[in-house]
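The values are calculated or read from the model by the stated rules, or taken from the named source; none is laboratory data. Because the structure is a prediction, the values reported are computed rather than measured. All Cβ positions, glycine included, derive from the backbone under ideal geometry; neighbour counts span all protein chains shown.
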Amino acid sequence: MSVIVCFIDGVGLLPTPAPPWTTAHLPSLTSLLGAVPHSNLLIDQPNLYFRAIDATLGVEGLPQSGTGHTSLWTGVNASALLGRHYPAYPAPSQRPMIAEQSLFAKVQQLGRTSLIATVHRDNYWDLVAKREQRATAAAFAAQVVDLALPATPEWRNGQAVTWDITGAYLQQWGALAGLPTISAHEAGLRLGRALRLADFVHYECYLPDFVGHRRIAETPERTLELIDSMLGALISQMQTNDSLIVVSDHGNLEMIEHTSHSRNPVPLLVVGANAQRAAKVEDISQITPLILDLLSIEI
Ligand SMILES: [Zn+2]
C-alpha cells in the first residue's frame, strides 16, 4: 500500500456551490463526491473523506505559501511560530526547523520510502547555491534525507510531472523548451505509476495559484478541469489500500474577481480504505500527521 499527496496551490472553497467550481466541467470530482466542492460539504465514508479545513492557522492576514508549505510538510504551525504568514518560499529563519521536522525524514523513520514526483529545474541545488532559484519547503525537507528531485530527464522518461500538470505553460516560459507536453490524463497516469515505486509519493501543482494571480493566462475553470482529469486518471490507477490526499495551502483561484489569496478554507480530499482517518484534521498543519498515520497502518 502507498500514499500519495497531490498538493494544489491556491485553491479555496466558497460556502455554497459557485463559479468557477460550478462552471467548470469536473466529471471525476463530481462523480466521486456526488456534489460540486464547497466549504459546507462534508463526506465521511469508509473509502472517501471530504471537508474544508482551515488554512489561516490562527494568524491574521492572508495565508501565504512560504509558511503554508512549511506547515504542510513539517506538521508544525509555521505561521504561528513566525507570528505572521510568509510569502512564496520558506522564511530563512525556518529552514533549520524544516530540516528537523521534515515530513520525508519522518517517513524514513517509519521505515517507509518516499518519492518526489514534481519535476524540478536541472541542477536545482546548484541554482539555489547561486541564488538563481529559491528552494521550496518540500525541497528543503527532501534535502535532509538526500531525496532526489526529478528534473527534465525524468520528465522525458515519463517518470515525473511538472507543477503545471501538462508542461504547456512551462514551455511558453521557455522552461521546457523542445520537450513534448502531456495531457492531464497522462499526468495522472504518471502519478499512478509512481505509487508502485515508493510507499509515499509527493506531488506539488502550483498552477491554480499562478492562474489566480493572473500570472498565467488560463481560466480558473480550465485549471480545475486539468486537475480533475489528472485526479481521475490517478484514482483509476490506485490499488486496494492505496491512499490519495488532495490538499491546498490557501484560497485564491475560487475568488475569480480577485487576484490575491483569500482566507477561505481549503479542500481536504482523501480517497482510500482508511480515508476516515482524516476526520481529525482541522487545519493544514495536520497533514503531515495524517500522512504518517496512513503510512503506519499495517496491512
Ligand atoms: Zn500565491
Hey, Asn241 in contact (Cβ under 8 Å) with a residue 40 or more places away in the chain, polar (S, T, N, Q) and buried (at least 20 other Cβ atoms within 10 Å of the Cβ) or not: no
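Can Asp228 be described as within 16 Å of the ligand (Cβ to nearest atom) and under 23 Å from Leu290 (Cβ atoms)?
So Asp228 does not fit the description; no.
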Note on region 108-117: residues buried (at least 22 other Cβ atoms within 10 Å of the Cβ) and either of a type in the set (S, T, N, Q) or at pLDDT below 95 (or both) are Ser114
Screening Gly192, Gly251, Gly188 for residues that are touching a residue at least 40 places away in the same chain (Cβ under 8 Å), crowded, with 24+ Cβ neighbours inside 10 Å and farther than 21 Å from His69 by Cβ leaves only Gly188
Asn157 vs (1) surrounded by fewer than 19 Cβ atoms within 10 Å (Cβ to Cβ); (2) touching a Gly at 6+ places or on another chain (Cβ under 6 Å): all pass except (2)
Taking region 86-122 and keeping residues within 16 Å of the ligand (Cβ to nearest atom) and without any contact (Cβ under 8 Å) to a residue 40 or more places away in the chain leaves Tyr86, Pro87, Ala91
Residue set Leu149, Leu176, Leu224; condition within 29 Å of Arg112 (Cα to Cα) and of a type in the set (A, V, I, L, M); output residue Leu149
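Conditions (1) within 16 Å of the ligand (Cβ to nearest atom); (2) closer than 30 Å to Pro87 by Cβ, marked per residue:
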residue: Ala233; (1), (2): no, no
residue: Thr240; (1), (2): no, no
residue: Ser248; (1), (2): yes, yes
residue: Val266; (1), (2): yes, yes
residue: Ala273; (1), (2): no, no
residue: Val281; (1), (2): no, yes
residue: Ile284; (1), (2): yes, yes
residue: Leu292; (1), (2): no, yes
By residue number, the members of region 11-31 that are more than 16 Å from Ile245 (Cα to Cα) and touching a Pro at 6+ places or on another chain (Cβ under 6 Å) are Leu13, Pro20, Trp21
Among the residues of region 260-282, the number that are under 12 Å from Ala55 (Cβ atoms) and surrounded by fewer than 18 Cβ atoms within 10 Å (Cβ to Cβ) is 2
Of all helices (runs of 4 or more DSSP H) fully inside region 91-207, the set with 3 or more residues that are under 18 Å from the mean Cα position of the chain (by Cα) is 103-109, 137-143, 184-194
